[in-house]
Amino acid sequence: MMDQDTEIPDAAVTPEEFRAAMGRFPSGVVVVTTRCQDGTPRGFTASSFCSVSLEPPMVLVCLANSADSATSFARCDRFAVSVLSPVHRSLAERFATKGADKFASGGLRLSPGGLPTVERALSELDCVAHARHPAGDHTVLIGRVTGVRLGEGAPMVYYDRSFRTLA
């Protein structure tokens with residue numbers, strides 16, 4: 001056990017090394033959406049998504065501060081999370097592409113609360129923004145889940161910097 005007063009040296013890990021190491025960890029893929037105050041839909045693809053709490057039900061998702069939609073998610077009151085399956089690959093790529101018109105090509109529908117969600121998603125979660133925490137070049141967005149809708153199918157997985165399916 002280390003003494004609390006012992007300094008830990010700064011790691012000499014490059015962004016490339018860290019990205020390669022994290023690429024060895026498979027994760028699910030989601031599309032996260034919201035609406036600006038003027039009603040404009042905004043969204044992004046994420047693989048950094050997980051549950052935080054069962055009571056109350058809460059999730060977190062991480063968003064790059066450089067993302068086109070970062071300002072919208074910094075101010076939103078509500079957002080939706082759609083868990084993707086392999087049939088959603090092109091949509092996941094579209095929502096991951098900086099500068100793309102993410103809402104122009106279909107594949108979406110409105111949730112009961114009026115937020116865009118992915119058609120035939122494995123699950124949809126309606127969330128109220130609970131907290132935001134700066135974390136390096138990302139923001140951790142925590143949402144309290146207020147609604148859930150379940151679909152069917154197998155998940156899409158992000159591994160080694162590409163979308164994959166489970167065998």
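The values are calculated or read from the model by the stated rules, or taken from the named source; none is laboratory data. On a predicted model such as this, the values are computed, not experimentally measured, just so you know. Cβ placement follows ideal geometry from the backbone for every residue including glycine, while neighbour counts extend to all protein chains displayed. We work out accessible area using only protein heavy atoms, side chains counted, and drop any ligands, DNA or RNA first. Shrake-Rupley method; radii C 1.70, N 1.55, O 1.52, S 1.80 Å.
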Sparse-neighbour loop sites [GluC sites (Glu not before Pro); region 1-108; at most 10 other C-beta within 10 Å; DSSP]: GLU7
Once a ≥ b ≥ c are taken as the square roots of the eigenvalues of the Cα gyration tensor of region 10-72, is the result rounded (a/c under 1.5), prolate (a/b larger than b/c) or oblate (a/b not larger than b/c)? oblate
What do the square roots of 5 times the Cα gyration tensor eigenvalues come to for region 88-167, in whole Å, largest first, as semi-axes of the equivalent ellipsoid? 21, 19, 16
Within-15-Å neighbourhood charge of ALA100 [Cβ basis; K, R +1; D, E -1]: +2
At 1.4 Å probe size, with every protein chain present, just tell me what the per residue accessible area of the chain comes to in Å². 61
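Classify region 33-102 as rounded, prolate or oblate from the Cα gyration tensor: take a ≥ b ≥ c as the square roots of its eigenvalues, call it rounded if a/c is under 1.5, otherwise prolate when a/b beats b/c and oblate if not. List each step's numbers first, then the result.
Values: a/c = 1.80, a/b = 1.15, b/c = 1.57.
Verdict is oblate for region 33-102.
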Where a ≥ b ≥ c are root eigenvalues of the Cα gyration tensor, a/c under 1.5 meaning rounded, otherwise prolate if a/b exceeds b/c and oblate otherwise, region 14-140 counts as rounded
Which value in deg cm²/dmol, rounded to the nearest 500, describes the helix-derived mean residue ellipticity at 222 nm for the chain, given -39,500 (n - 2.57) per DSSP H run of n ≥ 4 and division by the residue count? -3500 deg cm²/dmol
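At a 1.4 Å probe radius, carbon and sulfur cover how many percent of the accessible area of region 32-167?
Working: 3820 of 7340 Å².
Within region 32-167, the accessible surface is 52 percent carbon and sulfur.
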In nm, spacing of pseudo-spin labels at SER27 and THR165 (7 Å Cα→C-beta vector): 2.4
